[in-house]
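Data block below; observations after.
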Amino acid sequence: MANIVLCRIDSRLIHGQVVTKWVGQSQANRIAVVSDELDADPFMKNIYLMVRMKCIG
């Protein structure tokens, strides 16, 4: 089982620069975005997939 290095539960979106900093500090290799609203919007879902960092699964 993988170690969880950071967990944030919040209804607000996180700015990309903040996520980049957190990933660098925590050495995370995976980020999970869980949102029924985002899942229901194919356009925005695709945006999130396109802008993810190469080092993040």
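The values are calculated or read from the model by the stated rules, or taken from the named source; none is laboratory data. A quick note: this is a predicted structure, and the numbers were derived from the prediction, not measured. Glycine also receives a Cβ, built like all others from the backbone with ideal geometry; neighbour counts cover every protein chain displayed.
Overview of values
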{"item": "Check on GLN25, at pLDDT 85 or above and either loosely packed, with under 11 Cβ neighbours inside 10 Å or hydrophobic (A, V, I, L, M, F, W, C) (or both)", "result": "yes"}
{"item": "Residue check for ASN29: in contact (Cβ under 8 Å) with a residue 12 or more places away in the chain and out of contact with any helix residue (DSSP H, G or I) (no Cβ under 6 Å at 6 or more places or on another chain)", "result": "yes"}
{"item": "Conditions (1) surrounded by fewer than 10 Cβ atoms within 10 Å (Cβ to Cβ); (2) among the hydrophobic types (A, V, I, L, M, F, W, C); (3) free of Cβ contacts under 8 Å to residues at least 12 places away in the same chain: number failed by VAL51", "result": "(3)"}
